[in-house]
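Trainee: After the structure tokens below, expect a handful of questions from me.
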């Protein structure tokens, strides 16, 4: 039985429910990452005894599942996309935006399928746009391919943001500090391709990089999308 199927206990003696528990856990994670979340800390934020939470949530993994599903509500498209490409484009960009608001989400992307109501709504909206356009196996592989791209891209972007916060150095600060070392290494002549990339490559912002890569992946997926034979 999943956490969504299990009924909640009575709210006495003090008001408590999964919605309040999840909201408190998300607030803790937004402030300090997943490592800041424990049933004890959540209970403390709610002024409740830790043991009371076990009537609503059995494990921290269940709590994480509920947190992810709550954030999935921010990813569900506001209107049903008209085309498969729009659906996958929306899924990718809304997932990135949610991850930037809740960086801990990046740590939980790419695991088992989301089974909460919001997670299922995201999957339904995405697959519905592919229904009738191609066979179901091709549709699933298309979603997996695009999801693999944006999951990796989001994790890389969040990792860079965390590094900036941990070191207090922006990307350009880090580049300037690393410049002398990189210059010495490139001067050895051992890295000609890398030298060209450093000197001639365009420096683009994360959003542009994400959007460009996504378009390339969608272009590749488009070559595999065909109408089923009738």
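The values are calculated or read from the model by the stated rules, or taken from the named source; none is laboratory data. Note that the coordinates shown come from a computational prediction; the quantities given were computed from them, not determined experimentally. Reconstructed Cβ throughout: ideal geometry from the backbone, glycine too, with neighbour counts over all protein chains shown.
Trainee: Every residue in the range 104-118 that is within 13 Å of the chain's Cα centre (by Cα) and either in contact (Cβ under 8 Å) with a residue 12 or more places away in the chain or outside any loop (DSSP other than H, G, I, E, B) (or both), please.
Mentor: 104, 105, 106, 107, 108, 109, 110, 114 - these are the residues of the range 104-118 that are within 13 Å of the chain's Cα centre (by Cα) and either in contact (Cβ under 8 Å) with a residue 12 or more places away in the chain or outside any loop (DSSP other than H, G, I, E, B) (or both).
Trainee: Another question, then. Considering only residues of the range 172-223 that are in a loop (DSSP other than H, G, I, E, B) and at pLDDT below 90, which is nearest to residue 97 (Cα to Cα)? Spell out how you get there, then give the answer.
Mentor: Within the range 172-223, the first condition is being in a loop (DSSP other than H, G, I, E, B), and the residues that meet it are 188-191, 201-205, 223.
Those still in the list that are at pLDDT below 90 too: 189, 191, 201-204.
On the way: 189: 41, 191: 36, 201: 26, 202: 24, 203: 21, 204: 18 Å.
Across the range 172-223, the extreme among qualifying residues is 204.
Trainee: Just one of 126, 167, 134, 151 is at pLDDT 95 or above and outside the structural domain of residue 34 (by TED's automatic domain parsing); which is it? Walk me through how you get there before you give the answer.
Mentor: Values: 126 fails: at pLDDT 95 or above; 167 fails: at pLDDT 95 or above; 134 fails: at pLDDT 95 or above.
Answer to the check: 151.
Trainee: Kindly establish whether residue 157 is assigned by TED's automatic domain parsing to the domain that holds residue 109, in a helix (DSSP H, G or I) and in contact (Cβ under 8 Å) with a residue 24 or more places away in the chain.
Mentor: Details: assigned by TED's automatic domain parsing to the domain that holds residue 109: yes; in a helix (DSSP H, G or I): yes; in contact (Cβ under 8 Å) with a residue 24 or more places away in the chain: yes.
Yes; evaluated as a whole, the condition is true for this residue.
Trainee: Something else about it: Kindly provide the set of residues from the range 47-103 that are under 17 Å from residue 23 (Cβ atoms), part of a loop (DSSP other than H, G, I, E, B) and within 20 Å of the chain's Cα centre (by Cα), ordered by number.
Mentor: 73, 74, 102
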